[in-house]
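Single-structure report; data block below.
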Amino acid sequence: MVALAANQEPLLSGLFLFVIGSAHMMGYAQSQTLVQEAVSDDMRGRVLALLTLTTAGVGALGSMLAASLAALVGVNATFVLGGLACAGAAVLMWLASDSLRRRAA
């Protein structure tokens, strides 16, 4: 997303958006896998339903936050801040998956 902020070329922006969307889908699949591994069989359906519900709701709240931030600091700064937030979330996800792997072994 940081690269998207610095770019003004539409085709390159489309490529960046494709990469961002693909990374989002991989992260979502990983979170689903982590939940399925961590939750007991009898609670799995309920927990996955709650995860799906909260993921959809948080996405809408994130869009509202991004629009408000863009109005305050500009679109490019919002992309940079969003990219940094995504990088931080990726590190946290990596640490969580690593600790779960160690716990399962």
Exercise. Among the residues of the stretch 51-59, is there at least one that is more than 21 Å from residue 13 (Cβ to Cβ), in contact with a helix residue (DSSP H, G or I) (Cβ under 8 Å, 6 or more places away or on another chain), surrounded by 13 or more Cβ atoms within 10 Å (Cβ to Cβ) and not basic (Lys, Arg)?
Worked result: yes
Problem set entry | Contacts under 8 angstrom Cβ, first residue in the stretch 61-78 being within 18 Å of residue 2 (Cβ to Cβ), partner among the β-branched types (Val, Ile, Thr) and part of a helix (DSSP H, G or I), 6 or more apart | 66/78; 69/78; 70/78
Problem set entry | Count - residues of the stretch 37-52 that are within 23 Å of residue 88 (Cα to Cα) and free of Cβ contacts under 8 Å to residues at least 60 places away in the same chain | 2
Exercise. Considering the stretch 77-105 alone, what residues qualify as being at pLDDT below 90 and of a type outside the set (A, V, I, L, M, F, W, C)?
Worked result: 82, 83, 97, 98, 99, 101, 102, 103
For this session: May I ask you to list the residues in the stretch 62-77 that are of a type outside the set (A, V, I, L, M, F, W, C), under 22 Å from residue 28 (Cα atoms) and either in contact with a helix residue (DSSP H, G or I) (Cβ under 7 Å, 6 or more places away or on another chain) or surrounded by fewer than 12 Cβ atoms within 10 Å (Cβ to Cβ) (or both)?
Result: 63
For this session: Look at residue 3 and say whether it is surrounded by 14 or more Cβ atoms within 10 Å (Cβ to Cβ) and either touching a Ser or Thr at 6+ places or on another chain (Cβ under 6 Å) or at negative phi (or both).
Result: yes
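The values are calculated or read from the model by the stated rules, or taken from the named source; none is laboratory data. Everything numeric in this text was worked out from a predicted model, so none of it was measured. Virtual Cβ from ideal backbone geometry, glycine too; neighbours counted across all protein chains shown.
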